[in-house]
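Undergrad: Starting off with a structure, shown below.
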Amino acid sequence: MNFLQTILGGGQGAENDYDDFIHRYEQGLPHEGYSDEEVINRYRQVSRQLPDYIYQESAQEAFNRMSPQERMQLGQYLREQTRQQNLDFIDKNQDGIDDRLQDSNYLARATGRLHQRQPDLLGSMSGGNAFNPLLKGAMAGIAALAVKKLMEGGRSQGQYGNIRPASEDPYGDPADYGQYGNIRPASEDPYGDPADYGQYGNIHPASEDPYGDPGDSQRRW
């Protein structure tokens with residue numbers, strides 16, 4: 001079972017259900033289109049199992065959909081809530097105001113650090129009668145965008161990884177492995193991409209190859 005199936009609980013029905021959730025998030029206002037309970041449940045289901053980098057990337061994308069003022073308001077709300085739990089949400093000047101909170105990247109890093117320290121923290125802030133709409137939109141966005149990333153990766157990924165230009169592949173050109181020499185970036189390989197040999201066309205630099213690195217494709221040539 002792959003990582004996406006672990007999160008969704010398996011089955012095409014679960015994937016279709018999340019497709020619908022993602023569509024609702026992307027088509028409407030971030031905090032509308034779903035109940036408080038649905039957002040809380042989906043966020044908890046997804047966020048608890050995400051690698052830190054996917055959580056932070058998803059948070060940044062969700063915050064990008066907010067205005068600078070909304071990001072500031074959300075950051076201030078998170079700071080107030082974390083102080084009640086004796087957690088530190090960065091305040092550079094110790095004055096209750098930090099202009100960096102308007103930056104989606106900074107806010108995502110700060111939120112990601114909180115999540116690493118206490119994974120259920122945002123979920124615990126959603127209880128009671130007043131679910132902050134900015135927090136609700138952020139939680140919905142993190143869950144929706146993280147699953148979207150995993151779905152897109154799963155649909156395009158073969159057993160060797162995602163297909164990408166060989167010049168962008170940190171693992172280099174497979175012609176450089178083992179008996180062929182040291183591993184180097186494929187864009188620096190004067191022998192080009194082995195997928196270009198013989199029936200596959202003329203030899204040329206792998207960085208110019210629109211088919212990418214065969215190590216990234218679903219089958220080897």
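Undergrad: Answer yes if at least one residue in the stretch 58-69 is in contact (Cβ under 8 Å) with a residue 40 or more places away in the chain and farther than 18 Å from A108 by Cβ, and no otherwise.
TA: Of all residues in the stretch 58-69, those in contact (Cβ under 8 Å) with a residue 40 or more places away in the chain come to 58-66.
Subsequent filtering for residues that are farther than 18 Å from A108 by Cβ retains none.
No, every residue in the stretch 58-69 fails to be in contact (Cβ under 8 Å) with a residue 40 or more places away in the chain and farther than 18 Å from A108 by Cβ.
Undergrad: All but one of (1) closer than 16 Å to L135 by Cβ; (2) at pLDDT 90 or above; (3) not β-branched (V, I, T) hold for E80, so report the exception by its number.
TA: For E80, the exception is condition (2).
For every residue, the table says whether it meets (1) among the aliphatic types (A, V, I, L, M); (2) under 27 Å from R65 (Cα atoms); (3) at pLDDT below 90.
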{"site": "G112", "(1), (2), (3)": "no, yes, no"}
{"site": "G127", "(1), (2), (3)": "no, yes, yes"}
{"site": "A138", "(1), (2), (3)": "yes, yes, no"}
{"site": "A146", "(1), (2), (3)": "yes, yes, no"}
{"site": "A166", "(1), (2), (3)": "yes, no, yes"}
{"site": "D173", "(1), (2), (3)": "no, no, yes"}
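Undergrad: Pick from Y18, Y34: which is open to solvent by less than 50 Å² (accessible area, probe 1.4 Å) and part of a loop (DSSP other than H, G, I, E, B)?
TA: Among Y18, Y34, only Y34 is open to solvent by less than 50 Å² (accessible area, probe 1.4 Å) and part of a loop (DSSP other than H, G, I, E, B).
The values are calculated or read from the model by the stated rules, or taken from the named source; none is laboratory data. Here the structure is a predicted model, which means the values were calculated and not measured. Don't worry about glycine lacking a Cβ; one is built from the backbone with ideal geometry, like all the others, and counts go over all protein chains shown. For the accessible areas, the whole protein counts, side chains as well, though only heavy atoms, and no ligand, DNA or RNA atoms are used. Shrake-Rupley method; radii C 1.70, N 1.55, O 1.52, S 1.80 Å.
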